[in-house]
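Here the structure comes first, spelled out in structure tokens, and everything after it is commentary.
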Amino acid sequence: VRLPVGRPRTRPDAVAGDKVYSSRGNRAYLRGRSIKAVIPEKKDQAANRKKKGRRGGRPLTHDADLYKERNTVERLINKLKAWRGIATRYDKTPESYLAGLHLRASMIWVKDLTRTSH
């Protein structure tokens, strides 16, 4: 993440992910780097934790609002990838790939504007 002055920050405040990334190892790695994990707990993990009773530890905290933002970003990426040139990386240079991303994003934006103006 680039800031206006100084060395770029290399550590995000939070990482959002699906339930598949809800392993103890992933959470320990993020905790060790002081990064908040916005990952819901799997049902089987919660059941195993509850089965252990007090030894199972506390329930994991989950920020539902941040998780909703992850879903919004995920849907946008899926819309971008619906365009074959972006999904398959046909463009050879980073500049042309970025131009394709900008073009597809503006197409999505214009489509959204025309849909909401009626």
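The values are calculated or read from the model by the stated rules, or taken from the named source; none is laboratory data. A quick note: this is a predicted structure, and the numbers were derived from the prediction, not measured. Neighbour counts are summed over all protein chains in view; Cβ atoms, including those assigned to glycine, are modelled from backbone coordinates with ideal geometry. Ligands, DNA and RNA are excluded from the accessible area calculation, which covers all protein heavy atoms including side chains. Shrake-Rupley method; radii C 1.70, N 1.55, O 1.52, S 1.80 Å.
Here are some notes:
- Filter result for residue 95 (more than 27 Å from residue 18 (Cα to Cα) and open to solvent by 80 Å² or more (accessible area, probe 1.4 Å)): yes
- Residues that are open to solvent by 70 Å² or more (accessible area, probe 1.4 Å) and within 17 Å of the chain's Cα centre (by Cα) within the range 7-26 comprise 10, 11, 13, 19, 20, 21, listed in sequence order.
- The range 27-59 - residue that is open to solvent by 60 Å² or more (accessible area, probe 1.4 Å) and in contact with a strand residue (DSSP E or B) (Cβ under 8 Å, 6 or more places away or on another chain) and, of those, nearest to residue 75 (Cα to Cα): 36
- Residue within the range 63-78 that is in contact with a helix residue (DSSP H, G or I) (Cβ under 6 Å, 6 or more places away or on another chain), closer than 28 Å to residue 38 by Cα and free of Cβ contacts under 8 Å to residues at least 12 places away in the same chain present: no
- Residue among 103, 60 that is within 21 Å of the chain's Cα centre (by Cα) and at negative phi: 60
- Inter-residue pairs, beta-carbon under 9 Å, first closer than 16 Å to residue 67 by Cα and in the range 12-38, second polar (S, T, N, Q) and open to solvent by less than 30 Å² (accessible area, probe 1.4 Å), 6+ apart: 37/22
- Restricting attention to the range 85-114, the residues being among the basic types (Lys, Arg) and modelled with pLDDT of 85 or more number 2.
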